[in-house]
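Notes to accompany the following structure.
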Amino acid sequence: MDNLLTAAYSPERFRQQAHTLVDLLADQLNQDERSNEPVLPYAEPDELLAYWQADFQKPIDGDPLPVLTDIVKRSIHLHNPRYMGHQVAPPLPLAALTGVLTGLLNNGMAVYEMGMTANALERIVTQWMAEKMQLGPQAGGLLTSGGTLANLTALLTARAVAVSNNVWEEGYAERSRLAIMVSEEAHYCVDRAARIMGLGSDGIIKIPTNERFQLRTDLLETYLEQARANGLTVFAVVGCACSTSTGSYDDLMAIADFCEKHTLWFHADGAHGGAAVMSETYRPLIRGIERADSVVVDFHKMMMIPALVTAVLYRRELDSYRTFQQKAQYLWSDATAKDWFNSGKRVFECTKLMMSAKVYTVLRTYGEAIFTANVETLYRLASRFADQVRSRPEFELAVEPESNIVCFRYVGNGHTADQLDTLNTQIRAKLLKEGRFYIVQTTLRGRVYLRVSLMNPLTTDTHLEELLDVISQQHYHYAE
Ligand SMILES: Cc1ncc(COP(=O)(O)O)c(C=O)c1O
């Protein structure tokens, strides 16, 4: 073999590189936990691109350490307790290590023999989650790469099952204008899925929300009648569990009643908040999810697994075989057989990460208790943060948090509504550049709010007090 290849595949070299990398990452975790280092070393996109373009010109020297160190240094650090931005978990180190294992084994998953154990573990993990959701004896599901793909997969199943003409074979016929109903607060990927499916703007019916940003279930009947009067065939309703901007849970029981009455597919997007199922305290938030036809849960949000790992669960697992009806002779001889072990039949991916191994290893090592602890720690922290915000007159809470997502804004004294939008946009921009905290912003009812998703269980009340202090002490520096 070529010397370069022999050396690059050398087990001894791998051992050395792995030790070096683990030391680097453990040092970073230590620093994240203890030090006052920034959560992100913000650089403007073109500046950072120029830096890496210059790096790319450097001579090859066979030592990955400088590059690996630099990648770590110039990235956002989710394990820093002042990370409270988007809904991505600081992964459990064990789950990340399992990612090294799955990266090296690289089993492809689509057919059984290309992912024997990973397919078996996927079955166990999805059955376990379906049971937690109390979806019933016929339930089961699959894992796929992220909530976006998962929601699209579930809606494709919904269309295949709930619509009489066979879109897979016949294509999309103009005579059957299809539609789904969903909260105006749903994640944009639901809208995207509907458009990918050819439903167009008319085919995604956005239902207004109440003062807590929950879908107004009292409007469902009227909107359905209106859709029918407009010649649309509604085939599914999507419930948020919870929504993205404010972390609000829809009334899933009411949506289930409505879907049952009209024989519509009920899909619950629990990408973020489906994990409430792990806690007896927070489980009531998802009451009614057990009646859903399909449910999505992201393990890389509230369950501390590195991206991407998402479960799509079905109340009747057999439905999942109707999503794609692909004939692929080079993979499986019988395209119609309902074999759970050939992962590729029911998911978008052909080659797929061995994602089940990460969830399974965590479950077998720490038990369910670790998921319960994470959900409860973060949801309680958010509730206490809301108390902190409320106790300071210079801040305003957008809505009482139901999950670990909190929206609030600086209001100060005597500003107009437009000035407050500018001020809060500037606050967030300044925080981003300073890099000490990472928070995001959102627009609610046309007004700008600061938004935190408390994803890191090592974040404390003290970090959150400091965030409010920093904002209120510095507000007068912002140009108004
Ligand atoms: C409610 C909800 N659904 C779906 C998604 C998309 O998930 P992913 O980022 O895994 O594609 C998100 C992401 O934030 C979300 O909050």
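The values are calculated or read from the model by the stated rules, or taken from the named source; none is laboratory data. The structure presented is a predicted model; accordingly, all values stated were derived computationally and were not measured. Every residue, glycine among them, receives a Cβ derived from its backbone with ideal geometry; neighbour counts consider all protein chains shown. Areas reflect the complete protein model, heavy atoms only, side chains present, ligands, DNA and RNA absent. Shrake-Rupley method; radii C 1.70, N 1.55, O 1.52, S 1.80 Å.
Here D250 meets the list (1) open to solvent by less than 30 Å² (accessible area, probe 1.4 Å); (2) touching a His at 6+ places or on another chain (Cβ under 8 Å); (3) closer than 23 Å to T153 by Cβ almost entirely, failing just condition (2). When residues in the stretch 201-247 are screened for being open to solvent by less than 30 Å² (accessible area, probe 1.4 Å) and at positive phi, 2 of them pass.
Could you check, for the stretch 12-28, whether at least one of its residues is in a loop (DSSP other than H, G, I, E, B) and in the same structural domain as Y449 (by TED's automatic domain parsing)? Quick ask: steps written out before the conclusion?
Narrowing the stretch 12-28 to residues in a loop (DSSP other than H, G, I, E, B): none.
So far as the stretch 12-28 goes, no, none of its residues is in a loop (DSSP other than H, G, I, E, B) and in the same structural domain as Y449 (by TED's automatic domain parsing).
Among the conditions (1) part of a helix (DSSP H, G or I); (2) in contact with a Ser or Thr (Cβ under 6 Å, 6 or more places away or on another chain); (3) within 16 Å of the ligand (Cβ to nearest atom), the only one that N119 does not satisfy is (3). Restricted to the stretch 370-480, the set of strands (runs of 3 or more DSSP E) holding at least 1 residues that are open to solvent by less than 10 Å² (accessible area, probe 1.4 Å) and closer than 26 Å to A186 by Cα comprises 405-410, 440-444, 447-453. For the criterion of being out of contact with any Asp or Glu (no Cβ under 9 Å at 6 or more places or on another chain), outside the structural domain of R346 (by TED's automatic domain parsing), in contact (Cβ under 8 Å) with a residue 12 or more places away in the chain and in a helix (DSSP H, G or I), A54 fails. Applying the set (1) surrounded by 17 or more Cβ atoms within 10 Å (Cβ to Cβ); (2) touching a residue at least 24 places away in the same chain (Cβ under 8 Å); (3) not charged (D, E, K, R) to M114 leaves exactly one unmet item: (2). For the criterion of being more than 16 Å from the ligand (Cβ to nearest atom), in contact (Cβ under 8 Å) with a residue 24 or more places away in the chain, open to solvent by 10 Å² or more (accessible area, probe 1.4 Å) and touching a Leu at 6+ places or on another chain (Cβ under 7 Å), F258 passes.
Given the criteria outside the structural domain of D298 (by TED's automatic domain parsing) and under 30 Å from A96 (Cβ atoms), does R346 qualify?
Numbers: outside the structural domain of D298 (by TED's automatic domain parsing): no; under 30 Å from A96 (Cβ atoms): yes.
No; evaluated as a whole, the condition is false for this residue.
State the number of residues belonging to the stretch 73-95 that are outside any loop (DSSP other than H, G, I, E, B), touching a Pro at 6+ places or on another chain (Cβ under 8 Å) and open to solvent by 30 Å² or more (accessible area, probe 1.4 Å). Residues meeting the conditions: 1.
Collect the residues in the stretch 150-202 that are closer than 26 Å to C350 by Cα, of a type in the set (S, T, N, Q) and in a helix (DSSP H, G or I), keeping them in residue-number order. The answer is N151, T153, T157.
Checking the stretch 150-166 against the condition returns no match, with no residue being touching a Gly at 6+ places or on another chain (Cβ under 6 Å) and surrounded by fewer than 19 Cβ atoms within 10 Å (Cβ to Cβ).
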